[in-house]
Amino acid sequence: MSSIDTSVVNSINSGGSNGLSARQSDELRNSFMTLLVTQLQNQDPLNPMENAEMTSQLAQINTVSGIEELNSTLEGITSQMDANQALQAAGLIDKAVLVPGNNVMVSVDEESGSYATPFGIELDSAAENVEVTVVSKAGEVVYTKDLGAVAAGVESFSWGGLTNDGVAVPEGAYRVNFKAMNADGELLESRALNYALVQGVSPGAGGSDVRLDLGAVYGQVALDQIKQIL
C-alpha cells in the first residue's frame, strides 16, 4: 500500500514559511493523523505497511511539532536578547565613545586654553610605526606626530589643539589622518575613529537593531560601531 501523500507533509512542514496560522497548522496535523489512521485501517493484510514506513511518517509529524516548539522558544530567547541589548545600550547614555570617522573638534576657553576631542585608530595588524596628521577644513596641515609602534586593535590618542610650534589653532572642526607601516615598510590598512557623546537610544522595529543617538553631527549608529568607550 502506498504511503500518505507527501503534499500533506510538505504543507505542514512549510506552514511556518508560508505564514499559516496556528489553527491552520493544527488542522493540517489532524489531517495527517486522520490519513495515517485511515491507511492503517484499510491496508491490505497481505501487504501491510512496514514498521519503518509507519515510523517514518510518525516521525515527520513529530518533527513538525518539535520545530514549532523550537521556533517558539527561539522567539522568546530573541526577545530577551533584544531587551538585554536595549538595556546595555541605555547604559551608554552620556558616555564618550569612539566611532568610525576622522573628525576632531577644537574648543578654546580663556581660562583652560585649547581643548581637542580625542581620536583613535583601528588596525587589523600591528604597525611598526604610525604617523598622525591633523588638517584644517582648508586642507592645511596644522599638526603631525610620529606615534611609534601601535598594537593591533583600537588605540586612542589625545591632542592639545596646538600646532607643532606650540601655537593654539583656531576653534572649529579638523580632520585626522593616519599612515601606518609594518616592519617591512609596507602601508597597512587603518581606520580613523572620532569622539562622540551618546545622547540617547532608539530601538529598531520590533525592539531589535538598537541604535545610539550621537547628536546632530554624527546621527545614529548601531552598537557594533562603538569601537571604544572612553
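The values are calculated or read from the model by the stated rules, or taken from the named source; none is laboratory data. Keep in mind the model is a prediction, meaning the values are calculated, not measured. Cβ placement follows ideal geometry from the backbone for every residue including glycine, while neighbour counts extend to all protein chains displayed.
Every residue, every condition in (1) surrounded by 13 or more Cβ atoms within 10 Å (Cβ to Cβ); (2) of a type outside the set (S, T, N, Q), yes or no:
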{"site": "Phe119", "(1), (2)": "yes, yes"}
{"site": "Val130", "(1), (2)": "yes, yes"}
{"site": "Thr133", "(1), (2)": "yes, no"}
{"site": "Tyr143", "(1), (2)": "yes, yes"}
{"site": "Asp146", "(1), (2)": "no, yes"}
{"site": "Val154", "(1), (2)": "yes, yes"}
{"site": "Val169", "(1), (2)": "yes, yes"}
{"site": "Ala173", "(1), (2)": "no, yes"}
Lone qualifier among Leu188, Leu162, Leu147, Leu197 - being under 24 Å from Glu110 (Cα atoms), of a type in the set (A, V, I, L, M, F, W, C) and touching an Asp or Glu at 6+ places or on another chain (Cβ under 8 Å): Leu197
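One line per residue, one yes/no per condition, for (1) aliphatic (A, V, I, L, M); (2) at pLDDT 95 or above; (3) not in a strand (DSSP E or B):
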| position | (1), (2), (3) |
| --- | --- |
| Tyr115 | no, no, no |
| Thr133 | no, yes, no |
| Ala138 | yes, no, yes |
| Tyr143 | no, yes, no |
| Val176 | yes, yes, no |
| Ala183 | yes, no, yes |
| Arg191 | no, yes, no |
| Val201 | yes, no, no |
| Gly206 | no, no, yes |
Odd one out for Ala216 among (1) touching a helix residue (DSSP H, G or I) at 6+ places or on another chain (Cβ under 6 Å); (2) assigned to a helix (DSSP H, G or I): (1)
Kindly indicate whether any position in region 60-77 is modelled with pLDDT of 90 or more and either outside any loop (DSSP other than H, G, I, E, B) or at positive phi (or both). no
Given the conditions (1) over 19 Å from the mean Cα position of the chain (by Cα); (2) under 29 Å from Gly113 (Cα atoms); (3) touching a residue at least 40 places away in the same chain (Cβ under 8 Å); (4) in the same structural domain as Ala126 (by TED's automatic domain parsing), which single one is not true for Lys145? (3)
With under 28 Å from the mean Cα position of the chain (by Cα) and free of Cβ contacts under 8 Å to residues at least 60 places away in the same chain as the only criterion, which of Asp165, Asp213 stands out? Asp213
